[in-house]
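Input: a single structure, listed below in structure tokens.
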Amino acid sequence: MPKMIFVNLPVADVTRATAFYEAIGAVRDPRFCDANTAMVVFSDTIAFMLLEHERYNSFTSKRVADTATTSEVIIALSEESREAVDATMDRALAAGATADPTPRQEMGDFMYGRSFEDPDGHIIELVWMDVDKAMVAMQPPSQQAAPA
């Protein structure tokens with residue numbers, strides 16, 4: 001079994017949060033859902049657990065971050081192309097996200113990224129990268145191969 005990531009996010013309204021993440025392409029897994037919790041799946045190895053604040057606080061004695069004034073984490077999700085970044089961004093905006101709370105990443109033909117803030121204030125980055133081209137671009141100019 002591959003190692004998986006479950007991102008636990010505190011949300012004000014699990015129904016609203018679930019609808020938002022479904023709108024951008026996640027799939028709700030009803031096996032792990034109840035009135036206060038929903039699991040939405042992005043891939044075989046990435047899932048978000050959306051937990052209403054009271055449920056989230058059953059796992060920790062720390063206060064839920066006020067995302068209007070505090071950054072708790074920035075979650076980056078990969079996309080298959082620049083166009084896929086923009087398509088997911090468009091769906092997020094249509095579902096109620098705020099655009100680009102972090103700077104856009106415009107790095108020529110090897111990397112492109114945008115971000116959105118979900119209705120609960122969580123920041124999600126959408127990133128496409130051509131790793132081979134990125135490795136070449138990040139080398140010092142003296143080590144970069146001359147164009148053929």
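The values are calculated or read from the model by the stated rules, or taken from the named source; none is laboratory data. All figures in this text were calculated on a predicted structure; none of them were measured in a lab. All Cβ positions, glycine included, derive from the backbone under ideal geometry; neighbour counts span all protein chains shown.
Kindly indicate the residue of region 28-38 that is touching a helix residue (DSSP H, G or I) at 6+ places or on another chain (Cβ under 9 Å) and part of a strand (DSSP E or B) and also farthest from PHE59 (Cα to Cα) among those meeting that condition. Let's see the steps before the verdict.
We begin by selecting, within region 28-38, every residue touching a helix residue (DSSP H, G or I) at 6+ places or on another chain (Cβ under 9 Å); these are 28, 33-38.
If we keep only those that are part of a strand (DSSP E or B) as well, we get 28, 33-34, 37-38.
Values: ARG28: 22, CYS33: 16, ASP34: 16, THR37: 13, ALA38: 15 Å.
The selected residue is ARG28.
Would you check if LEU77 is more than 30 Å from ASP132 (Cβ to Cβ), assigned by TED's automatic domain parsing to the domain that holds ASP132 and either surrounded by 13 or more Cβ atoms within 10 Å (Cβ to Cβ) or without any contact (Cβ under 8 Å) to a residue 60 or more places away in the chain (or both)? Against the criterion (more than 30 Å from ASP132 (Cβ to Cβ), assigned by TED's automatic domain parsing to the domain that holds ASP132 and either surrounded by 13 or more Cβ atoms within 10 Å (Cβ to Cβ) or without any contact (Cβ under 8 Å) to a residue 60 or more places away in the chain (or both)), LEU77 does not qualify.
For the condition surrounded by fewer than 12 Cβ atoms within 10 Å (Cβ to Cβ) and not assigned by TED's automatic domain parsing to the domain that holds ALA97, ASP29 does not qualify.
Among the residues of region 42-57, which ones are surrounded by 18 or more Cβ atoms within 10 Å (Cβ to Cβ) and in a strand (DSSP E or B)? Write out each step before concluding.
Kept after step one, since they are surrounded by 18 or more Cβ atoms within 10 Å (Cβ to Cβ), are these residues of region 42-57: 47-52, 55-56.
Residues satisfying the conditions are ALA47, PHE48, MET49, LEU50, LEU51, GLU52.
Of all residues in region 14-26 being more than 15 Å from the chain's Cα centre (by Cα) and without any contact (Cβ under 8 Å) to a residue 60 or more places away in the chain, which is surrounded by the fewest Cβ atoms within 10 Å (Cβ to Cβ)? Among residues in region 14-26 that are more than 15 Å from the chain's Cα centre (by Cα) and without any contact (Cβ under 8 Å) to a residue 60 or more places away in the chain, the one surrounded by the fewest Cβ atoms within 10 Å (Cβ to Cβ) is THR15.
Any residue that is over 23 Å from ARG104 (Cβ atoms) and in contact with a helix residue (DSSP H, G or I) (Cβ under 8 Å, 6 or more places away or on another chain) - is there at least one of those in region 58-72? Checked region 58-72: at least one residue is over 23 Å from ARG104 (Cβ atoms) and in contact with a helix residue (DSSP H, G or I) (Cβ under 8 Å, 6 or more places away or on another chain).
Of the residues in region 58-73, not one is outside any loop (DSSP other than H, G, I, E, B), crowded, with 16+ Cβ neighbours inside 10 Å and in contact with a strand residue (DSSP E or B) (Cβ under 8 Å, 6 or more places away or on another chain).
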